[in-house]
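The values are calculated or read from the model by the stated rules, or taken from the named source; none is laboratory data. Bear in mind the structure is a predicted one, so any value in this text is a computation, not a measurement. Here Cβ is always computed from backbone atoms with ideal geometry, including for glycine, and neighbour counts include all displayed protein chains. In case anyone asks, the SASA skips ligands and DNA or RNA and just uses the protein heavy atoms, side chains included. Shrake-Rupley method; radii C 1.70, N 1.55, O 1.52, S 1.80 Å.
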Amino acid sequence: LGRPVSHRPPIVVSALAIAVAGATLVPLVYLGVRVAELGPEGIGAILFRPRTADLFFTTLLVAFGVAITTLVLGIGTATIVSRVALPAPRLWWVVLALPVAVPSYVAAFVLVSVRPGTSGVLPTIAVISLSTFPYVTLATLAAFRRADHAAADVARSLGASEFRAFFT
């Protein structure tokens, strides 16, 4: 029957994986050492200064803004592509997936190059949302394809509008 099959990777592959994992921990270890050098007073001075609170709340605003914008754009485009008879329906899947190929930092660079001086929360939300809404769109399109449309069909046959039947 031959030699037994080993499910373990070769030792060289394991050693390389451990080395890469160790290298990724270097920045975290560095930060840990720097924080330990500060002591409790230094940490408190950094955490409780006004600039830290400003950055924290700006980050929350961007996160919520991107989440809401991405959901609206993603579900909206998925609804249009799945419910409206567009020409070349398969092409729309590809077109809607294209922004995924452009990293958000490249999109931000393009925006700043086209409109110099662009900065702030709203352009940040716009760039990140436009770069990431295809993830929501594609997942929603897949869910719409798998969904049973019988409830919506019954709702429409009972006189419900398209809008109301969609939420059935």
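A few comments on the model shown:
- Within the stretch 99-115, residues that are at negative phi sit with their Cβ atoms under 7 Å from residues that are open to solvent by less than 70 Å² (accessible area, probe 1.4 Å) and outside any helix (DSSP H, G or I), at 6+ positions apart or across chains, in these pairs: L111/T118; V112/T118.
- Matching option when the condition is at negative phi and either within 13 Å of the chain's Cα centre (by Cα) or at pLDDT below 90 (or both), among A160, A78: A160
- Filtering the stretch 79-106 to residues that are small (G, A, S), within 24 Å of A67 (Cβ to Cβ) and open to solvent by 70 Å² or more (accessible area, probe 1.4 Å) leaves only A101.
- Between F133, F109, the distinction of being open to solvent by 70 Å² or more (accessible area, probe 1.4 Å) and out of contact with any Asp or Glu (no Cβ under 8 Å at 6 or more places or on another chain) belongs to F109 only.
- Being open to solvent by less than 50 Å² (accessible area, probe 1.4 Å) and touching a residue at least 60 places away in the same chain (Cβ under 8 Å) is a property that G65 has.
- Flag for A67 being modelled with pLDDT of 95 or more and either assigned to a loop (DSSP other than H, G, I, E, B) or closer than 30 Å to L138 by Cβ (or both): yes
- For L96, the conditions (1) under 30 Å from F56 (Cα atoms); (2) touching a residue at least 24 places away in the same chain (Cβ under 8 Å) all hold with the exception of (1).
- Any chance R83 is in contact (Cβ under 8 Å) with a residue 40 or more places away in the chain and over 19 Å from the mean Cα position of the chain (by Cα): yes
- Consider the stretch 116-143 and keep the residues that are of a type outside the set (A, V, I, L, M, F, W, C) and in contact (Cβ under 8 Å) with a residue 60 or more places away in the chain. The one that is farthest from G74 (Cα to Cα) is T124.
- Enumeration of residues in the stretch 144-168 that are in contact (Cβ under 8 Å) with a residue 60 or more places away in the chain and either under 12 Å from I75 (Cβ atoms) or open to solvent by less than 70 Å² (accessible area, probe 1.4 Å) (or both): F144, F166
- For the stretch 26-62, filtering for residues that are free of Cβ contacts under 8 Å to residues at least 60 places away in the same chain, open to solvent by less than 60 Å² (accessible area, probe 1.4 Å) and closer than 16 Å to V121 by Cβ leaves 1.
- All of (1) more than 29 Å from L60 (Cβ to Cβ); (2) over 22 Å from the mean Cα position of the chain (by Cα); (3) not basic (K, R) hold for S113 with one exception: (1).
Okay, residues lined up against (1) aliphatic (A, V, I, L, M); (2) within 30 Å of A139 (Cα to Cα):
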site: V5; (1), (2): yes, no
site: R8; (1), (2): no, no
site: A15; (1), (2): yes, no
site: T24; (1), (2): no, no
site: R49; (1), (2): no, no
site: T58; (1), (2): no, yes
site: A63; (1), (2): yes, yes
site: A85; (1), (2): yes, yes
site: P99; (1), (2): no, yes
